[in-house]
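Trainee: Below is a structure I'd like to ask you about.
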Amino acid sequence: MPCNLAVSITKAAVTEERLRALLTPEAVQPVIAAYLRQPGVVGAGERVIVQRQGDGLAVTVGSLTLTISGGQVQTRATRGTNATRAQELADALSDLLALAADTRFAQQVRAALATFGTVAAQQVTVDNGGVTQAATVLTLHI
Amino acid sequence: MEIKVYVLPGGTVQIFVDGQVSFAQAQQITQAVIAQLQASGVAFSAVGTVEQHKDGVTHVHVHGGVHVGH
């Protein structure tokens, strides 16, 4: 927004716990599966399985098994597991889940704003106190 | 009036009210927006005061946007 035009500015936040609660297994499973299908993410011939396990997901990539619950990724050490590869994959999935949580939160806010009228959404890059961040800007006219 | 809600990483938002409105009107609509968000399940743990932009409150700037005076 051309900020010289803004009349007022208000800030609000939800807790990280609330944000992670948006990462239900139903929401996360297709995101994880789509990521793992991308070229170069897993080795040729490696078996990939993403399935429900209790309140979370179990992700199998070749000989690696990771569990995802409450937005947290954990590796499960097994014999012959490549610890470095497991950690790299866990880190990549953690980053992906953080993005997924932000996306889900933006969707939740957009849906709530829709009660006021048509909401336009745009992806932008912002300077937030000197930190460059990706953001979703939701615009409505009343 | 125009309302822009910037949804930032980590579950934070910044709500801008713009247009030919008084600060009192901007306050009123901002509070209505926050109430609606909360009623819809957006459980804010912290909500700041509605601040007048001219008071110099720090806020996001869109890269490539138009900024005057700061």
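Trainee: Within 10 Å of each Cβ of A:96-102, how many other protein chain Cβ atoms are there on average?
Mentor: The shielding value for this peptide is 2.
Trainee: Moving on. Ignoring the sites themselves, what is the longest stretch of chain A with no trypsin sites (Lys or Arg not before Pro) in a DSSP loop and at most 15 other beta-carbon atoms within 10 Å?
Mentor: Excluding the exposed sites themselves, the longest stretch runs over A:80-142.
Trainee: At 0.36 nm per residue, and after removing the present C-alpha to C-alpha distance, how many nm does the segment from A:Ala83 to A:Thr67 gain when stretched out fully?
Mentor: 4.3 nm
Trainee: I would also like to ask the following. Looking at the range B:2-45 from every direction and averaging, what is the projected area of its Cα convex hull in nm²?
Mentor: 3.2 nm²
Trainee: Would you mind working out the magnitude of the charge dipole of the protein assembly as shown relative to its Cα centre, with +1 at each Lys and Arg C-beta and -1 at each Asp and Glu C-beta, to the nearest 20 Debye? Don't skip to the answer; put the middle values down first.
Mentor: On the way: 13 positive and 14 negative charges, 105 e Å.
With Lys and Arg at +1 and Asp and Glu at -1, about 500 debye.
Trainee: How far apart, in nm, are two points set 7 Å out from the Cα along the Cα-to-Cβ line at A:Arg47 and at B:Gln31?
Mentor: Roughly 6.1 nm, to one decimal.
Trainee: Using only Cα atoms and rounding to the nearest 10 degrees, what angle (0 to 90) does helix A:25-37 make with the longest principal axis of chain A?
Mentor: 70 degrees
Trainee: Still on this model: Starting at the first residue of the range A:119-130, write each ³J(HN,Hα) from the Karplus equation 6.51 cos²θ - 1.76 cosθ + 1.60 with θ = phi - 60°, in whole Hz, x for Gly and Pro.
Mentor: 3J(HN,Hα) across the range A:119-130, in whole Hz: 10, 9, 10, 9, 8, 9, 10, 10, 9, 10, x, x.
Trainee: Short version: ³J(HN,Hα) in whole Hz for each residue of the range B:45-51, in order, from phi by Karplus 6.51 cos²θ - 1.76 cosθ + 1.60 (θ = phi - 60°), x for Gly and Pro, what are they?
Mentor: 8, 8, 10, x, 6, 6, 10
Trainee: Shielding by partners for A:126-136, please: the mean number of other protein chain Cβ atoms within 10 Å of each residue's Cβ. List each step's numbers first, then the result.
Mentor: On the way: counts 9, 7, 9, 4, 1, 3, 1, 7, 2, 10, 6.
Whole-number average of other-chain Cβ neighbours for A:126-136 is 5.
Trainee: Relative to the longest principal axis of chain A, what angle (0 to 90°, nearest 10) does the C-alpha long axis of helix A:83-113 take?
Mentor: That helix lies at roughly 30 degrees to the long axis.
Trainee: So what is the calculated 222 nm ellipticity per residue for the protein assembly as shown, using -39500 (n - 2.57) for each DSSP H run with n of 4 or more, over all residues, to the nearest 500 deg cm²/dmol?
Mentor: -10500 deg cm²/dmol
Read the figures in this text as sums done on the coordinates, not as results from a lab. Computed from a predicted structure; not experimentally measured. Cβ atoms come from the backbone with ideal geometry, glycine included; neighbour counts cover every protein chain shown.
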